[in-house]
Amino acid sequence: MALQIVGAALPRTGTLSLKFALEMLGVGRCYHMSELILHPEHRWRWTFARARSALLDPLWEDYHATLDAPSCALWKPLARRFPQAKVILTRRDPERWYESVMETVGSPDHVRFTLRSPLAPAALANPPFGLRLERQAMVRHFERYGDEVRKTIAADRLLEFEAKDGWDPLCQFLGVPVPEQPFPHVNDRDAMNAAAAGMDFSQLTLADVQQATRRFIDAQRQSLLSR
């Protein structure tokens, strides 16, 4: 099956909430950085996908949408390869986005761990935050990135969205009914910071991160099912 939804937004813009929302709407499995963590065997596909996006095609047999890193760096070739796919750009205040990144995946400990992990080739090939993890440079990168998406994707194919918008604009865009369940607001920053508290990042392994990721995703799914 072809890719149906291309998530063009950068990480830390509510992409995990959107992943759960799309799956609840019946879109199918949605790729996200959490999936790459759980499936590091995919890393070489992502590492070389900028040169040849067809390398990712086997993934779209199981995943019908893709969000967050590393795919956000490839939104343009993916949108070209799948012209029928809808494109979603999640929004956030750029200053708050910068602070969220630096408290989580952009912190020195997280960056050092990623660069010594098996995920490093895919991360280095598709850097989502620009080349300088500094406030002014990242805010400019965030704003230019959004402008490029808006300039490139036709308005009737693009949805700009925030999790606080809830179900209505998303369901209208996709042409599906609004569910009875509440929209899934997932605060993964608090969860990530709680999980990292007291950790020795110099001793952390990918297996440790995979275990924490599985626990978090399973707990969120269970919480959504119980609402």
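The values are calculated or read from the model by the stated rules, or taken from the named source; none is laboratory data. Small disclaimer: the values here were computed from a predicted structure and weren't measured. Backbone-built Cβ (ideal geometry, glycine too); neighbour counts: all protein chains shown. Quick note on the areas: whole protein, heavy atoms, side chains included, nothing else; ligands and nucleic acids left out. Shrake-Rupley method; radii C 1.70, N 1.55, O 1.52, S 1.80 Å.
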Taking 0.36 nm per intervening residue step and subtracting the Cα-Cα distance, what contour gain separates Arg96 from Glu162 on full extension?
22.4 nm
Given Cβ point charges of +1 (Lys, Arg) and -1 (Asp, Glu) and nothing else, what value in debye, to the nearest 20, does the dipole of the chain about its Cα centre take?
640
Quick shape check on the range 105-165: root eigenvalues a ≥ b ≥ c of the Cα gyration tensor, a/c under 1.5 is rounded, otherwise prolate if a/b tops b/c, else oblate, and it reads prolate
Per DSSP helix of 4 or more residues, -39500 (n - 2.57); summed, then divided by the residues of the chain. What does that give at 222 nm, rounded to the nearest 500?
-14000 deg cm²/dmol
With Asp68 itself left out, Lys, Arg at +1 and Asp, Glu at -1 over residues whose Cβ is under 10 Å from its Cβ give +1
Compute the signed sum of charges (Lys and Arg +1, Asp and Glu -1) over the other residues within less than 9 Å, Cβ to Cβ, of Cys30.
0
Cα gyration tensor category, rounded, prolate or oblate, for the range 81-135 with a/c compared to 1.5:
oblate
Provide the gained length on full extension for the span Asp200 to Ala219, in nm with one decimal, where the gain is 0.36 nm per separating residue minus the Cα-Cα distance.
4.5 nm
Using a/c under 1.5 as the rounded threshold, could you call the range 45-129 rounded, prolate or oblate? The axes a ≥ b ≥ c are square roots of the C-alpha gyration tensor eigenvalues, and prolate needs a/b larger than b/c, oblate otherwise.
oblate
Relative contact order of the chain, pairs being alpha-carbon contacts under 8 Å that are 6 or more residues apart, as %
28
Quick check: residue separation of Met24 and Arg140 times 0.36 nm, minus the Cα distance between them. What number comes out in nm?
38.4 nm
Enter the accessible area of Glu61 (Å², nearest 10), with the probe set to 1.4 Å and all protein chains included.
130
What relative contact order, as a whole-number percentage, does the range 1-67 give when Cα pairs under 8 Å and 6 or more residues apart are counted?
56
Principal axis extents for the chain, Cα atoms only, whole Å, descending order, please.
47, 43, 36
Calculated FRET efficiency for the pair His39/Arg80, C-beta based, R₀ 22 Å, to 0.05:
0.35
Partners for Lys86 among lysines (Cα-Cα distance below 16 Å; same-chain residues under 8 apart left out)
Lys19, Lys76, Lys151
Ignoring ligands, DNA and RNA, what accessible area per residue does the chain give at 1.4 Å, in Å²?
49
